[in-house]
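Undergrad: Before I ask anything, let me first share the structure, which is written out below as structure tokens.
Bear in mind these aren't lab numbers, they're just calculated from the coordinates by the rules spelled out. In this text, all values refer to a predicted model and were calculated from it rather than measured experimentally. With ideal geometry, Cβ positions are generated from the backbone for all residues, glycine too; neighbour counts draw on all protein chains shown.
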Amino acid sequence: MSQFFQIHPDNPQARLIKQAVEMVRAGALIAYPTDSAYALGCSLGNKSALGRIQQIRQIDKNHNYTLVVSDLAELANYSKIDNSIFRLLKKNTPDAYTFILKSTREVPRGVAHVKRKTIGIRIPNHPITRALLTELGGPLMSSTLILPNDEYPMTDPYEIRQVLEKSVDLVIDGGYCGLEPTTVIDLCDDTPRLIRQGKADFSPFDLA
């Protein structure tokens, strides 16, 4: 049965954040709030937790996962960006964006897109997520918490615990996150390309 932490969405309790991160480091799969929707997360390279995400969401091994990172310096460890893209990201993060970028060798096999060698990367603007990343000192490998055949992500942490209590190790109750997904932008080429319009505004990246 999963544990259930109630963490304040604006002022996360350091004790609970530390306990949550200790669980992640030990191999746990967690459900946690972000600035767009609830997500499933685990440590980078955790193959067991990755398999559990695939089972919960009923997705195959070719699914695009997202690395959730704390800042641009960490983003640069896992993706290739030039100076112009760096300046764009600096002006517009953290926020509810997912950026598709060329991956570096630091990204484990099975996480980056098999053929394109790309990775989705997020720099979120949610106090709980940012506190988790700071304490962890590394990225969370993540996927939106949307169940098979559902149109929208799960939003109620009590429902998440009820439905997934045997599938995840920890549910973090950070209150309501909303239903809007992130805005997905492909930054692999010279011109940013909108893949999915979500919560965040695309116009800062529209260079056409």
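Undergrad: Which far-off residues, 5 or more places away or on another chain, put their amide H under 5 Å from the one on H8, with H placed in the peptide plane?
TA: Distant-sequence amide H within range of H8: Q13.
Undergrad: Also, I was wondering about something else. Just the Kirkwood number for the stretch 93-208, please: inverse of mean 1/r across all distinct Cα pairs, in Å, one decimal. Working shown, then result.
TA: Working: mean 1/r = 0.0622 Å⁻¹.
The answer is 16.1 Å.
Undergrad: Follow-up. Given only helices, namely DSSP H runs of n ≥ 4 each adding -39500 (n - 2.57), what is the per-residue ellipticity at 222 nm of the chain, to the nearest 500 deg cm²/dmol?
TA: -8000 deg cm²/dmol
Undergrad: Another one. What does the convex hull of the alpha-carbon atoms of the chain project to on average, in nm²?
TA: Computed as one quarter of the Cα hull surface, the answer is 10.7 nm².
Undergrad: Could you pull the Rg and Dmax for the stretch 140-198, using just the Cα atoms, both in Å?
TA: Answer for the stretch 140-198, Rg first and Dmax second: 14.7, 45 Å.
Undergrad: While we're looking at this one, here's another question. Quote the relative contact order of the chain in percent (integer), defining contacts as alpha-carbon pairs under 8 Å separated by 6+ residues.
TA: On the way: 428 pairs, mean separation 69.0, N = 208.
Dividing the mean separation by the residue count of the chain yields 33 percent.
Undergrad: Hey, another quick one. May I ask which of K91/K199; K47/K166; K166/K199; K18/K91 have a Cα-Cα span longer than 23 Å here?
TA: Working: K91/K199 17 Å; K47/K166 18 Å; K166/K199 31 Å; K18/K91 30 Å.
Violating the 23 Å Cα-Cα cut-off are K166/K199; K18/K91.
Undergrad: For a footprinting-style exposure proxy, rank I146, I7, I195 by other Cβ within 10 Å, fewest first.
TA: I195, I146, I7
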